[in-house]
Structures are given as structure tokens and as C-alpha cells.
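Worksheet for the structure shown next.
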Amino acid sequence: MKLVVAIVQDQDAGSLIVDLTDKEFRVTKLASTGGFLKAGNTTLLIGVEDEQVPDVVRIIEENCKTREITTSLLTVTMPGDTYIPYPLEVKVGGATLFILDVEQHIKI
Ligand code: 2BA
Ligand code: 2BA
């Protein structure tokens with residue numbers, strides 16, 4: 001068994017979960033925050049049999065889009081702790097996946 005950990009954009013999470021559950025995959029949704037943009041994103045845990053991983057990856061590819069985001073980061077200028085916002089263009093990927101071996105899967 002594998003655990004697919006998928007970090008996706010909030011805008012894509014709804015349709016992705018619908019498509020996964022339509023195909024009878026089980027999903028757990030976590031609200032998460034990206035360390036760089038400090039903005040909300042969604043982390044999905046999807047526990048599946050090894051041979052189902054390609055199907056899960058395909059459904060994620062179909063639902064998740066790369067987006068250009070212009071954000072403003074705050075930079076501190078020396079001296080005097082003055083913060084200056086500066087615009088930054090960032091390409092946020094459709095999804096970041098980690099696919100882990102599951103040592104045990106127990107339901108109680
Ligand atoms: P939910 O996805 O909200 O599922 C709640 C319960 O609904 C499940 O209880 C199960 O009895 C039923 N259920 C879910 N999907 C089903 C399906 N495709 N067909 C028939 N019945 C279905 P549990 O199995 O005890 O799961 C409780 C919660 O644990 C799930 O909440 C989900 O958040 C998580 N979970 C369970 N298995 C998972 C897995 N393989 N991967 C990720 N999360 C899992
Ligand atoms: P964030 O950390 O908020 O990053 C959002 C986007 O900002 C990233 O998109 C990337 O294009 C850019 N970025 C991140 N760190 C950067 C840096 N040090 N310098 C320049 N640009 C940077 P993605 O790579 O598609 O990542 C989207 C989200 O996926 C991330 O949100 C983070 O929550 C998660 N993620 C990506 N790679 C990860 C990893 N190796 N471990 C854990 N989480 C990861």
C-alpha cells in the first residue's frame with residue numbers, strides 16, 4: 001500500500017476530491033499553509049493499493065493547474081526595522097506529491 005500526500009491549491013481541491021471519491025478512492029483533507037507564500041493550501045492524504053497510484057496521479061493531473069501568482073513579500077531594511085513590500089511573481093505548481101510506502105494499515 002502507498003500513501004499519496006498531495007499538496008494542492010485550494011481552488012483545485014474541491015473538484016479533485018469529487019473526482020477521487022467518485023472513483024471510490026478514500027481521501028482525508030487537511031488545511032495547510034505554504035511556508036514560502038504563507039498562504040493557505042490543501043494537503044490530501046490518499047491511502048491506496050500500489051497499482052492504483054498511477055490512477056490517483058492522473059486524476060490529480062486532470063484537476064490541478066499551475067498558476068502565476070503575484071504576491072507582495074515584506075523585506076526589512078536596515079536599520080530601524082522598516083518593512084518595505086515588494087511585488088514578487090511566483091509560479092505555484094499544480095500539485096506537489098510525496099508517495100510513501102505504508103508499513104501497516106490498521107482500522108480499529
Ligand atoms: P470519510 O472519507 O468522510 O469516510 C467516512 C466513512 O464513510 C468511512 O469510514 C467509510 O465507512 C465510509 N466510506 C468512505 N468512502 C467510502 C466508499 N468509497 N465506499 C463506501 N464507504 C465509504 P472509515 O473507513 O472509518 O474512514 C474514516 C475517515 O478516515 C475517512 O472519512 C477518511 O477521512 C479517512 N480515511 C479512511 N481511509 C482512508 C484512506 N485509505 N486514505 C485516506 N484517508 C482515509
Ligand atoms: P509555498 O511554500 O507557499 O510555495 C509557493 C510557491 O513559491 C512554490 O510553488 C514555488 O514556486 C515558490 N517557492 C517556494 N519556495 C521558494 C523559494 N525558496 N524561492 C523561490 N520560490 C519559492 P510550488 O513549488 O508548486 O509549491 C507549492 C506548495 O507546495 C508550497 O507552498 C508548499 O506548501 C508545498 N511544497 C512544495 N515543495 C515542498 C516540499 N519539498 N516539502 C514540503 N512542501 C512543499
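The values are calculated or read from the model by the stated rules, or taken from the named source; none is laboratory data. Model, not experiment: these values are computed from the prediction. In this analysis, Cβ positions are derived from the backbone assuming ideal geometry, glycine residues included, and neighbour counts consider all displayed protein chains. Accessible surface is based on the protein model in full, side chains and every heavy atom, while ligands, DNA and RNA are left aside. Shrake-Rupley method; radii C 1.70, N 1.55, O 1.52, S 1.80 Å.
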Practice task
Determine how large the accessible area of Asp19 is when every protein chain is in place; take a 1.4 Å probe and give Å² rounded to the nearest 10.
Solution key: 60
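Net charge around Ile99, counting only other residues with Cβ within less than 11 Å of its Cβ (Lys, Arg = +1; Asp, Glu = -1)?
Every neighbour counted, the sum reads -1.
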Practice task
Please work out the FRET efficiency for the pair Lys23 and Leu88, using the Cβ-Cβ distance as r and a Förster radius of 41 Å; give the result to the nearest 0.05.
Solution key: 0.65
Handout entry: Accessible surface, 1.4 Å probe, highest first, among residues Val57, Val18, Val8
Key = Val18, Val57, Val8
Problem - Cα-Cα over 24 Å, subset of Lys2/Lys29; Lys2/Lys38; Lys38/Lys65; Lys23/Lys107; Lys23/Lys91 - result: Lys2/Lys38; Lys23/Lys91
Exercise for the section: Could you please state how large a percent of the accessible area of the chain is carbon and sulfur, counting protein chains only and using a 1.4 Å probe? Expected result: 54
Exercise for the section: Specify which residue in the list Gly40, Leu100, Leu73 is farthest towards the positive end of the charge dipole of the chain, using unit charges on the beta carbon of Lys, Arg (+1) and Asp, Glu (-1), about the Cα centre. Expected result: Leu73
Problem - Rough spin-label spacing in nm, given labels placed 7 Å along Cα→Cβ, for Lys65 and Gln104 - result: 4.4
Handout entry: Heavy-atom accessible area per residue - the chain, 1.4 Å, Å²
Key = 69
Exercise for the section: Report, to two decimal places, the Cα Rg of the chain normalised by 2.2 N^0.38 Å (N = number of residues). Expected result: 1.35
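If we count GluC sites (Glu not before Pro) as exposed when they sit in a DSSP loop and have at most 11 other beta carbons within 10 Å, what is the longest stretch of the chain that avoids them all?
Maximal segment without exposed cleavage sites: 50-102.
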Practice task
Relative to the longest principal axis of the C-alpha atoms of the chain, give the angle of the C-alpha long axis of helix 53-63, reported between 0 and 90° and rounded to the nearest 10°.
Solution key: 50
